[in-house]
DNA sequence: ACATATTGTGCGTTATTAGTAAATGGAGAA
DNA sequence: TTCTCCATTTACTAATAACGCACAATATGT
């Protein structure tokens, strides 16, 4: 598995620039990369040609609009369907609503909606990623694979409730509540292997239990700081999950 | 202005993969790039490390979730403020609502909202770009610079109305209506140069006329196929423009 | 004016990458 | 089976990029 230094550096520049709201000077990029300025110039020029970065009027390098086009092609149908649902969920629960998708062993917030009157600011931006082993979103995604004897107590509890609830796992004092994007639950006891497994998607003999969206492991939920009515939040999350499921057929 | 072959190819791969909803095989990437498969492997491996592409369960290369994080850092405050406004505008006008930002001589749709009951499908996805010289969005952005004697009749008309209306310029049978994201209008007659110009932002002696958002040339508007009530659409676009302006202070 | 960063470029020498060929193994078709 | 197509890795030479340096051209500050 060999990798390419030049490409890797270019992508690191893109990442660095994107993390700098006010842009970066060439010299700063060169310093952070630990390379000569001349190299930073060539990297930036190439990124610029592809519209991934742009130069401000003062010459500083800013994240370019090309990233919007790229992101617009990531799960467009799911996200388009989810957007209005998340807005509604945020309003109904008074908390920040999110759609998370699993990639590898990480969980990525793909779409986020905030209520009109945010109670307490929770900074949960699109693109936020965290290990799948932590937080309500991770649990909700873990719920999508069939039960195993190695499942944690929290996971089993989540399966029984139909949703996952965690406190302070991702951020001090934050409460997360998430439900998996699948119909029904895996309520089998013990290790029951799936009847067949294709392309990593578990196919069940009885499709009414544990039917997932093909190729995507996702969940929706809410995050808030302490003051969250978990009763109504759970109801709303499940209701909106079902709304989203029926929207994407 | 020299550029780097390796980086450029890697970014081209990213673009190719993003345009393929079902992913691409290594061989297809290699063929489309016109390079050997071994090179495509190295490019893909590097992109994969940066989470910009991912491998499906069948081995095909798919766009990765990393692009969501990158895009989330492009104009986050403007987009967060615009999202609910666009949803409301789409609902009020019954058409697809958009937020466009100018970059160079192009105009990029950065945020899009569709009405719950779309009348006729208008495909206007986030990331869509077109020359700034065409379409309602381009005109609306052109309205933000001070009037010049070289202005087209359409631009002058748009200035007088306070919004731009075009038919069929971007797509056959499509109607676009857009208003610039600035307070008031440039209603000066003839060529009146700005009192000062810094960093490409025009600063006026009287800030109540033509005050823009610093550093961003943007507009909001709607697109529809034929059946659009332009009267109410214009009213709603202007109303929502003002709502967005006050939201971002 | 003067000193001083900072930006942007050009040029040689070394390190990395491209390009090519070739080998292995798996999936599917004739 | 045999054949083809594809994925994946390895190995070796031209081509490309990195790197360090030198040098204008601009800002920027005193």
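Looking for whichever is modelled with pLDDT of 90 or more and either exposed (fewer than 15 other Cβ atoms within 10 Å of the Cβ) or assigned to a helix (DSSP H, G or I) (or both) here; the options are B:205, B:179, B:234. Which one fits? I'd like the intermediate steps shown before the answer.
Values: B:205 fails: modelled with pLDDT of 90 or more; B:179 fails: either exposed (fewer than 15 other Cβ atoms within 10 Å of the Cβ) or assigned to a helix (DSSP H, G or I) (or both).
Testing whether each residue is modelled with pLDDT of 90 or more and either exposed (fewer than 15 other Cβ atoms within 10 Å of the Cβ) or assigned to a helix (DSSP H, G or I) (or both) leaves just B:234.
I'm told residue A:20 meets every condition in (1) in a loop (DSSP other than H, G, I, E, B); (2) at pLDDT below 90; (3) out of contact with any helix residue (DSSP H, G or I) (no Cβ under 7 Å at 6 or more places or on another chain) except one. Can you identify the failing condition by its number?
(2)
Please give the number of the condition residue A:2 fails out of (1) within 12 Å of DNA strand C (Cβ to nearest atom); (2) under 22 Å from residue B:42 (Cα atoms); (3) surrounded by 18 or more Cβ atoms within 10 Å (Cβ to Cβ).
Condition not satisfied by residue A:2: (3).
Which of the numbered conditions does residue A:82 fail, given that it passes all the others? Conditions: (1) out of contact with any helix residue (DSSP H, G or I) (no Cβ under 7 Å at 6 or more places or on another chain); (2) more than 7 Å from chain B (Cβ to nearest Cβ); (3) away from DNA strand D (no atom under 12 Å from the Cβ).
It is condition (1) that residue A:82 fails.
Just to verify a result, which residue in region B:91-117, among those that are more than 16 Å from the chain's Cα centre (by Cα) and more than 8 Å from chain A (Cβ to nearest Cβ), is nearest to residue B:135 (Cα to Cα)?
Looking at residues that are more than 16 Å from the chain's Cα centre (by Cα) and more than 8 Å from chain A (Cβ to nearest Cβ), I get B:95.
Can you tell me which residue among A:10, A:34 is within 15 Å of DNA strand D (Cβ to nearest atom), without any contact (Cβ under 8 Å) to a residue 60 or more places away in the chain and in contact with a helix residue (DSSP H, G or I) (Cβ under 7 Å, 6 or more places away or on another chain)?
Working: A:34 fails: in contact with a helix residue (DSSP H, G or I) (Cβ under 7 Å, 6 or more places away or on another chain).
Criteria check complete, one pass: A:10.
Please verify whether residue A:69 is crowded, with 20+ Cβ neighbours inside 10 Å, in contact with a strand residue (DSSP E or B) (Cβ under 9 Å, 6 or more places away or on another chain) and more than 10 Å from chain B (Cβ to nearest Cβ), treating the condition exactly as stated. Steps first, answer last, please.
Working: crowded, with 20+ Cβ neighbours inside 10 Å: yes; in contact with a strand residue (DSSP E or B) (Cβ under 9 Å, 6 or more places away or on another chain): yes; more than 10 Å from chain B (Cβ to nearest Cβ): no.
So residue A:69 does not fit the description; no.
Inside region A:36-56, can you point out the residues that are closer than 11 Å to residue A:13 by Cβ and away from DNA strand C (no atom under 13 Å from the Cβ)?
Passing the criteria: A:47, A:52.
Scan region B:13-23 for residues that are surrounded by 15 or more Cβ atoms within 10 Å (Cβ to Cβ) and either near DNA strand D (Cβ under 10 Å from one of its atoms) or more than 8 Å from every other protein chain (Cβ to nearest Cβ) (or both) and jot them down. Steps first, answer last, please.
So the first thing to find is which residues in region B:13-23 are surrounded by 15 or more Cβ atoms within 10 Å (Cβ to Cβ), and the list is B:13-18, B:20, B:23.
Listed by number, the residues that qualify are B:13, B:16, B:17, B:20, B:23.
One line per residue, one yes/no per condition, for (1) touching a helix residue (DSSP H, G or I) at 6+ places or on another chain (Cβ under 7 Å); (2) closer than 11 Å to residue B:220 by Cα; (3) surrounded by 20 or more Cβ atoms within 10 Å (Cβ to Cβ):
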{"site": "B:77", "(1), (2), (3)": "no, no, no"}
{"site": "B:102", "(1), (2), (3)": "yes, no, yes"}
{"site": "B:108", "(1), (2), (3)": "yes, no, yes"}
{"site": "B:117", "(1), (2), (3)": "no, no, no"}
{"site": "B:137", "(1), (2), (3)": "no, yes, yes"}
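Name every residue in region A:43-58 that is out of contact with any helix residue (DSSP H, G or I) (no Cβ under 8 Å at 6 or more places or on another chain) and at pLDDT below 90, in order of residue number.
Selection gives A:56, A:57, A:58.
Filter region A:151-161 for residues that are at pLDDT 90 or above and not in a helix (DSSP H, G or I) and give the result.
Hits for region A:151-161: nothing passes.
Give region B:118-146 a look and list any residue that's in contact (Cβ under 8 Å) with a residue 60 or more places away in the chain and within 11 Å of chain A (Cβ to nearest Cβ), or say none.
Residue satisfying the conditions is B:124 alone.
Give me a count of the residues in region B:24-58 that are assigned to a loop (DSSP other than H, G, I, E, B) and more than 10 Å from chain A (Cβ to nearest Cβ).
4
Restricting to region B:139-150, and then to whatever is part of a loop (DSSP other than H, G, I, E, B) and touching a helix residue (DSSP H, G or I) at 6+ places or on another chain (Cβ under 8 Å), can you tell me which residue is nearest to residue A:111 (Cα to Cα)? Quick ask: steps written out before the conclusion?
The initial filter retains those residues of region B:139-150 that are part of a loop (DSSP other than H, G, I, E, B), namely B:143-150.
Of the ones still in play, those that are also touching a helix residue (DSSP H, G or I) at 6+ places or on another chain (Cβ under 8 Å) are B:143, B:147.
Working: B:143: 32, B:147: 40 Å.
Going through the qualifying residues, I end up with B:143.
The values are calculated or read from the model by the stated rules, or taken from the named source; none is laboratory data. What you see is a predicted model, and the numbers here were worked out from it, not measured in a lab. Virtual Cβ from ideal backbone geometry, glycine too; neighbours counted across all protein chains shown.
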